[in-house]
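Here the structure is laid out as C-alpha cells; the discussion comes afterwards.
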Amino acid sequence: MTISINGTNGLIQAYDYQVLTTAFSYTFAAGTQVLIIQPAGTLATGTITMPAAPSDGMTITVESTQQVTALTMSGNGGTIVGAATQLIPNQPLSWVYRLTGTTWYPLWGGAGRASALVSGTAVSTATCSFTGVISTTTLTASSVTGTIAVGQLITGTGVTAGTTITALGTGTGGAGTYTVSASQTVSSTTITVIGLDFTSIPSWVKRLTVMFQGVSTSGTSNLLIQIGSGSFVITSYVGSTALVGSATANAAMSTGFMLTPSQGAATVTNGNVTLTLQNSSTNLFTENGILSSSNANDTALSGGYRALSGTLDRIRITTVNGTDTFDAGSINILYE
C-alpha cells in the first residue's frame, strides 16, 4: 500500500462550513473532505459537485442541519454510486473514491440507505374558508377564517378540481397572495379546504405513515387516502375497511384507501395509517390503518394495496365525496 501525505489530494482531512440558501451550488475544493451545511431553514434544492482530482482512497462526507429536499450530485468526471437525492437533517453521507474505475462508493447514508425517520410539518385541519380570486397561479385571499397553509386542497365556484396551495406569497396564513398548483382565472368566490396534499416525497421512501390528531369533517363522507406518481391515482384500489366496537360497518375500497366505513359529521379521528412499498418493480404499496373514532368509541381498521406507474411522490388525504370540508385537528406524515 502506498500512502501519499498531501494536503491537495484529500489525504489530510479538512472541512468546510457553509450557510447556504436554496438553489446553492457547491464544489469540493482540493483537500476538503467534509462539508457541514447550516442553513436557516429547509432548502428546496441544491447541487454538490465532487472534487476535480481526487486521490485513490479519498473520502467525502456531507452533513446538513436542515432538510435539503431535492439534491443533485455531480461526480465531476467520476461516477457516484448511490448519489443522494436529498439531505436529511443531521444524517451524514459519506463516499470513498477508487481511482481504478473513477468511482465513488458509499460508506453510509445516501439515497435509499438512510434509516432516519423524517417528519413533515403538521398541517391544521381546523375550519378554513376565505374569499379568493385566482389569476393564473396567483391566489389573492381575503376575509380569511382559520389558517391557509401549503398543501391544502381547495374548492370553490370555478376552481379547477385538484387545485392546491403550493407556496406562500405575501400571505402567511391570513389575507394575502399564495401560489396554487393549476393556472386558471377565477372571479371572487368562497373557497374552502377539502383535503391535504403532501408532495415531493423522496424517491427512496419505502414506508410512509400518516398521523391523524383530532381530525373531523363537516359531513358524513368517509376519510380517504390517494397516492400517485406525477399525478394522483383515483381508481382500482383494492381492500376494505371495517369498524370494531359497538357499531358494525364495513366497506370495500375503490377510489382510494378508504380509512373509515361509517363517518359522522361530529366524528373525531385519531391514529396512524401506514403505507409500505411491497414490490419495487411494480411500485406496489400496501396500506394498513388503525384509527380511533369518537363515534360510539369505535375503532376503524383498514387494509389494501395499489400499484403505481412510477415512484410514489405524493399522497392526498381527503374524503370519498371530495366535497366535505375539514373542520378540526391536524395531519402530519412521517417517512423512512
*Can you name the number of the only condition in (1) modelled with pLDDT under 95; (2) surrounded by 20 or more Cβ atoms within 10 Å (Cβ to Cβ); (3) within 21 Å of residue 238 (Cβ to Cβ); (4) not β-branched (Val, Ile, Thr) that residue 306 fails?*
(1)
*asked:* Considering only residues that are among the polar types (S, T, N, Q) and over 11 Å from residue 331 (Cα atoms), which ones fall in segment 193-215?
replied: 199, 200, 203
*Scan of segment 189-205 for residues that are surrounded by 15 or more Cβ atoms within 10 Å (Cβ to Cβ) and not β-branched (Val, Ile, Thr), ordered by number*: 195, 196, 197, 198, 202, 204
*In segment 241-253, is there at least one residue being within 24 Å of the chain's Cα centre (by Cα) and surrounded by 15 or more Cβ atoms within 10 Å (Cβ to Cβ)?*
yes
_Candidates 286, 311, 318, 276, filtered to the one that is under 27 Å from residue 202 (Cβ atoms), within 22 Å of the chain's Cα centre (by Cα), surrounded by fewer than 15 Cβ atoms within 10 Å (Cβ to Cβ) and β-branched (Val, Ile, Thr)_ = 276
*With a cut-off of at least 1 residues that are without any contact (Cβ under 8 Å) to a residue 24 or more places away in the chain and either at positive phi or hydrophobic (A, V, I, L, M, F, W, C) (or both), name the strands (runs of 3 or more DSSP E) lying wholly within segment 260-336.*
284-293
*For the subset of segment 93-111 comprising residues that are part of a loop (DSSP other than H, G, I, E, B) and either assigned by TED's automatic domain parsing to the domain that holds residue 179 or buried (at least 16 other Cβ atoms within 10 Å of the Cβ) (or both), which member is modelled with the lowest pLDDT?*
111
*Here are some residues: 83, 44. Which one is of a type in the set (A, V, I, L, M, F, W, C), free of Cβ contacts under 8 Å to residues at least 60 places away in the same chain and in a loop (DSSP other than H, G, I, E, B)?*
83
*Within segment 234-251, which residues are of a type in the set (A, V, I, L, M) and closer than 20 Å to residue 324 by Cβ?*
234, 243, 247, 249, 251
_Complete set of residues in segment 1-50 that are touching a strand residue (DSSP E or B) at 6+ places or on another chain (Cβ under 6 Å), modelled with pLDDT of 90 or more, among the aromatic types (Phe, Trp, Tyr) and over 14 Å from residue 87 (Cβ atoms)_ = 17
*Please work out if residue 208 is in the same structural domain as residue 277 (by TED's automatic domain parsing) and buried (at least 17 other Cβ atoms within 10 Å of the Cβ).*
yes
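The values are calculated or read from the model by the stated rules, or taken from the named source; none is laboratory data. Being a predicted model, the structure only gives us computed values, none of them experimental. Here the Cβ is made from the backbone with ideal geometry for all residues, glycine too, and neighbour counts use every protein chain on show.
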